[in-house]
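Asker: I am attaching a structure below and will ask some questions about it afterwards.
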Amino acid sequence: RRLFALSFAVAVATTNDGILKALPLMMPVWNEIMSDTGASLVYFSDVDDEMPDDYSDVVVAENERRRKLLSADPAHKFDIKQVLTDSMSECERLNGAERFHAIVAQVDAAEFEDFKNQLN
């Protein structure tokens, strides 16, 4: 999901109408990813006091393995907010302010407002 969002964030810096028509569909995905706590789709287990003593060692080891996996994932090495800021600025530059505003006007107003707020 994050990789898909990053790839579309880079692709939106274009004048291609086929890509720009999908902007209203991508805005909610971008908003969801920007509001993500960073855990993405890698889930971490909590150690519960009611668990057997040896179980907590397994949980801690598994969480460490998942953290290493997550930190090695290239999709998590990019700052999606910076990529989106740069790509949207480039899109505006390529298309001109008037056309860019017409493209953005296709996006739900609440979604776009949420997008702008998360970028700041």
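The values are calculated or read from the model by the stated rules, or taken from the named source; none is laboratory data. Because the structure is a prediction, the values reported are computed rather than measured. Here the Cβ positions follow ideal geometry from the backbone for every residue, glycine too, while neighbour counts run over all protein chains shown. The accessibility values were calculated without ligands, DNA or RNA, using every heavy atom of the protein model including side chains. Shrake-Rupley method; radii C 1.70, N 1.55, O 1.52, S 1.80 Å.
Asker: Tally time: how many residues in segment 3-19 are assigned to a helix (DSSP H, G or I) and crowded, with 17+ Cβ neighbours inside 10 Å?
Answerer: Qualifying residue count for the region: 4.
Asker: With respect to PHE115, determine if the residue is open to solvent by less than 60 Å² (accessible area, probe 1.4 Å) and without any contact (Cβ under 8 Å) to a residue 40 or more places away in the chain.
Answerer: no
Asker: Name the single residue that is surrounded by the fewest Cβ atoms within 10 Å (Cβ to Cβ) among those in segment 75-88 being in a helix (DSSP H, G or I) and without any contact (Cβ under 8 Å) to a residue 40 or more places away in the chain.
Answerer: GLN82
Asker: Within segment 90-109, which residues are open to solvent by less than 60 Å² (accessible area, probe 1.4 Å), outside any helix (DSSP H, G or I) and touching a residue at least 60 places away in the same chain (Cβ under 8 Å)?
Answerer: VAL107
Asker: From the set of residues in segment 29-47 that are surrounded by 10 or more Cβ atoms within 10 Å (Cβ to Cβ) and either of a type in the set (A, V, I, L, M) or farther than 21 Å from LEU6 by Cβ (or both), which is modelled with the lowest pLDDT?
Answerer: ALA39
Asker: Identify all residues within segment 2-18 that are within 18 Å of the chain's Cα centre (by Cα) and under 13 Å from ASN95 (Cα atoms); write none if there are none.
Answerer: Within segment 2-18, VAL12, ALA13 qualify.
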